[in-house]
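Just below is one structure, and these are the notes that go with it.
The values are calculated or read from the model by the stated rules, or taken from the named source; none is laboratory data. The structure presented is a predicted model; accordingly, all values stated were derived computationally and were not measured. Because the Cβ atoms are built from the backbone with ideal geometry, glycine has one as well, and the counts that use them run over all protein chains shown. SASA here: full protein model, heavy atoms, side chains in, ligands and nucleic acids out. Shrake-Rupley method; radii C 1.70, N 1.55, O 1.52, S 1.80 Å.
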Amino acid sequence: MGADAIQTNGGDPAKLTVVEGIKRLRCAVKNYEWGKLGHDSLVARFHEANSGNRVDPAVPHAELWMGTHESGPSHVVNEEELGSGHEGSECMFTLKSWVTDNPDVLGSRVVDKWGCDLPFLFKVLSVTKALSIQAHPDKALAEKLHKEEPLLYRDANHKPEIALAITPFQALCGFVSLKELKEVIANVPEITELVGSKAADQILTVNEKEGDESIKPVVRLIFTQLMSASNNETKQVISEMKRRLITEKNHRELSEKEKLVLELEKQYPGDVGVISAFFFNYVKLSPGEALYLDANEPHAYISGDCVECMAASDNVVRAGLTPKHRDVQTLCSMLTYKLGYPEILKGFSLTPYITRYLPPFDEFEVDHCDLPTGKSTIFPAIPGPSVYLVIEGKGKLQTGSSQLLVNRGDVLFVPAHNEIHVAGESDGMRLYRAGVSSRFFQTL
């Protein structure tokens, strides 16, 4: 059947056939204080459409979670609601319990590798205030942390991730180059005040030709000393830095990083994360660009809206720009201390309307589908599960001879081995799909 040959069952939306296996999901929202307020938040608008619950304009809506993780599980809408298009019915069971009872929906290779569970967690983030300076542990460290402190580190999994910008999106990610780090030490005297001249001089004198094995220990030393400085000394030095930059602003144009640091100081006065921001790359993503983060890489999201996909974990090690628990020594000891600007993914075309983002991780990939008015496309059948999120417009999803009307905020679970035909209606439609990496299925 062609991509434009969508059956309508007589054209009556109330009589649309229930799609076998495809499940409409109700998803959890997180109201972290860094989230955008009310309808300014894409998360809030999607959640309102997804759940039927009204948005409180005074409440931050930070994250929408789509998956099986116990910290924010999605629920499966009952089959009668799925067929009728009725909103607001009771959600009868979790997606986790359903895939556990129906492992075939995951595909045999996924079950063999990860058991009866989704190996990825799909999210939308709406950020108005900087998130913590953080990193996610690799598998070995995650197992250790979970065993030692299960209340802080809720699972034993690693958490590589990708952030794909929906709106202009800003983040700190990875350490700057050695050349730029030398400039930071030379131009931000307050750092030397905190870490001492010996550590600062080691950065200034280390030679790039000496190689990573000589450079990384020096970067680790100065960063650890900075993050471990006393609160009183840190607050005093940041106050001095703020006064200096405000004074210099009258005589010169501040750099983008300096402007950012002053903004972070407004959000987190006296926090060591403010001055440590000088150590990290300041990344600005345009809509459609993506940033991927491996385990043990430092980062902090600053502002904007994005879809995020990761291995199914909620493990975060924090050390700055946060009121939450800080584990400075663990963070400083776990980082890779790789230097240089991160790779930005722009995706590659699968069809004229589908762009794929394929980071180097087995657990996940993300597709973005942008359908113009009246157009259609096909997501080919794959041997693993997918989660679809409609972010704009409305249209139809079809598999076999059955179809489903979808609107903004709809989240759908699609089992393995289903070819999905997608058609937008009058205003077109945009959606994202998260699934297990196609690279994983290409390996033996």
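Counting only residues that are among the charged types (D, E, K, R) and open to solvent by 10 Å² or more (accessible area, probe 1.4 Å), segment 365-387 holds 2 of them.
Looking at segment 310-324 only, could you name the residues that are part of a loop (DSSP other than H, G, I, E, B) and more than 14 Å from LEU145 (Cα to Cα)? I'd like the intermediate steps shown before the answer.
We begin by selecting, within segment 310-324, every residue part of a loop (DSSP other than H, G, I, E, B); these are 312-316, 321-324.
Scanning segment 310-324 gives ALA312, LEU321, THR322, PRO323, LYS324.
Do we find that LEU131 is part of a strand (DSSP E or B) and at pLDDT 95 or above in this structure? No: the conditions fail for LEU131. Scanning segment 312-341 for residues that are more than 30 Å from LYS96 (Cα to Cα), crowded, with 22+ Cβ neighbours inside 10 Å and not hydrophobic (A, V, I, L, M, F, W, C) returns a single hit, GLY320. Among the residues that make up segment 195-213, is at least one of them touching a residue at least 60 places away in the same chain (Cβ under 8 Å) and in contact with a helix residue (DSSP H, G or I) (Cβ under 9 Å, 6 or more places away or on another chain)? So far as segment 195-213 goes, no, none of its residues is touching a residue at least 60 places away in the same chain (Cβ under 8 Å) and in contact with a helix residue (DSSP H, G or I) (Cβ under 9 Å, 6 or more places away or on another chain).
Checking segment 220-229 against the condition returns a match, with at least one residue being open to solvent by 70 Å² or more (accessible area, probe 1.4 Å), touching a Cys at 6+ places or on another chain (Cβ under 8 Å), modelled with pLDDT of 95 or more and not in a loop (DSSP other than H, G, I, E, B).
Among the residues of segment 265-291, the ones that are in contact (Cβ under 8 Å) with a residue 40 or more places away in the chain and either crowded, with 24+ Cβ neighbours inside 10 Å or not in a strand (DSSP E or B) (or both) come to 17 in all. In segment 151-187, the qualifying residues are those that are open to solvent by 10 Å² or more (accessible area, probe 1.4 Å), more than 29 Å from ILE238 (Cβ to Cβ) and of a type outside the set (D, E, K, R), and the one that is nearest to the chain's Cα centre (by Cα) is ILE166. Would you check if LYS96 is at pLDDT 95 or above, surrounded by fewer than 19 Cβ atoms within 10 Å (Cβ to Cβ) and not aliphatic (A, V, I, L, M)? When the stated conditions are applied, LYS96 does not pass them. Kindly indicate whether THR399 is within 21 Å of LYS23 (Cβ to Cβ), polar (S, T, N, Q) and more than 22 Å from the chain's Cα centre (by Cα). Yes: the conditions hold for THR399.
Could you say which residue among GLU213, GLU190 is buried (at least 18 other Cβ atoms within 10 Å of the Cβ) and either assigned to a helix (DSSP H, G or I) or modelled with pLDDT of 95 or more (or both)? Checking each option against the conditions leaves just GLU190.
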